[in-house]
Amino acid sequence: QVQLVESGGGLVQAGDSLRLSCAVSGGSFSIYVMGWFRQAPGKEREFLAGMTLNGRSTYHADSMQGRFTISRDNAKNTLYLQMNSLKPEDTAVYYCAADRRISRLRGGSYDYWGQGTQVTVSS
């Protein structure tokens, strides 16, 4: 079973930056695409970015306006989300996800999910 563990969340002020990490273990060889999502209380889950583990394809949702960047370090089996110029509306639980299907590069129903990490941005 693929296991994903997010870390790096916390409390920051508007304009600050954070880098979220997602450690991958247990059958990671079967993963082709990974992505980042977020969900605020009472809101629908929102897709942020996705990439293939070979690094050849990357997609960022237009709503991020260049503030968020997805990357990976395969040697460490870790996926990252760099978040800059954070705003109070970015407050949410952030999840990493993984899937075997290339069609998930731009979001969708991923098969594997982490437990999430809380990001809180104060004004």
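The values are calculated or read from the model by the stated rules, or taken from the named source; none is laboratory data. Being a predicted model, the structure only gives us computed values, none of them experimental. Cβ placement follows ideal geometry from the backbone for every residue including glycine, while neighbour counts extend to all protein chains displayed. Only protein heavy atoms, including side chains, enter the accessible area calculation; ligands, DNA and RNA are left aside. Shrake-Rupley method; radii C 1.70, N 1.55, O 1.52, S 1.80 Å.
Restricting to the stretch 52-63, and then to whatever is part of a loop (DSSP other than H, G, I, E, B) and not hydrophobic (A, V, I, L, M, F, W, C), can you tell me which residue is surrounded by the fewest Cβ atoms within 10 Å (Cβ to Cβ)?
Taking the stretch 52-63 and keeping what is part of a loop (DSSP other than H, G, I, E, B), we get 53-57, 61.
Narrowing the set further to residues that are not hydrophobic (A, V, I, L, M, F, W, C) leaves 54-57.
Details: Asn54: 9, Gly55: 10, Arg56: 7, Ser57: 14.
So, considering only residues that are part of a loop (DSSP other than H, G, I, E, B) and not hydrophobic (A, V, I, L, M, F, W, C), the one surrounded by the fewest Cβ atoms within 10 Å (Cβ to Cβ) is Arg56.
Limited to the stretch 63-80, what total is found for residues that are touching a residue at least 60 places away in the same chain (Cβ under 8 Å) and touching a helix residue (DSSP H, G or I) at 6+ places or on another chain (Cβ under 9 Å)?
Here the count works out to 0.
Restricting to the stretch 64-123, what's the tally of residues that are farther than 20 Å from Val2 by Cα, over 14 Å from the mean Cα position of the chain (by Cα) and not in a loop (DSSP other than H, G, I, E, B)?
Matching residues across the stretch 64-123 total 5.
Return the residues of the stretch 49-60 that are closer than 14 Å to Gly108 by Cβ and either touching a helix residue (DSSP H, G or I) at 6+ places or on another chain (Cβ under 6 Å) or without any contact (Cβ under 8 Å) to a residue 24 or more places away in the chain (or both); say none if nothing qualifies.
Gly50, Tyr59
Would you point out the residue of the stretch 24-42, among those that are at pLDDT 95 or above and surrounded by fewer than 19 Cβ atoms within 10 Å (Cβ to Cβ), that is nearest to Arg72 (Cα to Cα)?
In this case the residue turns out to be Gln39.
Can you pull out every residue in the stretch 92-123 that is open to solvent by 40 Å² or more (accessible area, probe 1.4 Å), β-branched (Val, Ile, Thr) and in contact with a Phe, Trp or Tyr (Cβ under 7 Å, 6 or more places away or on another chain)?
If the condition is that a residue be open to solvent by 40 Å² or more (accessible area, probe 1.4 Å), β-branched (Val, Ile, Thr) and in contact with a Phe, Trp or Tyr (Cβ under 7 Å, 6 or more places away or on another chain), then Ile102 is the only one that fits.
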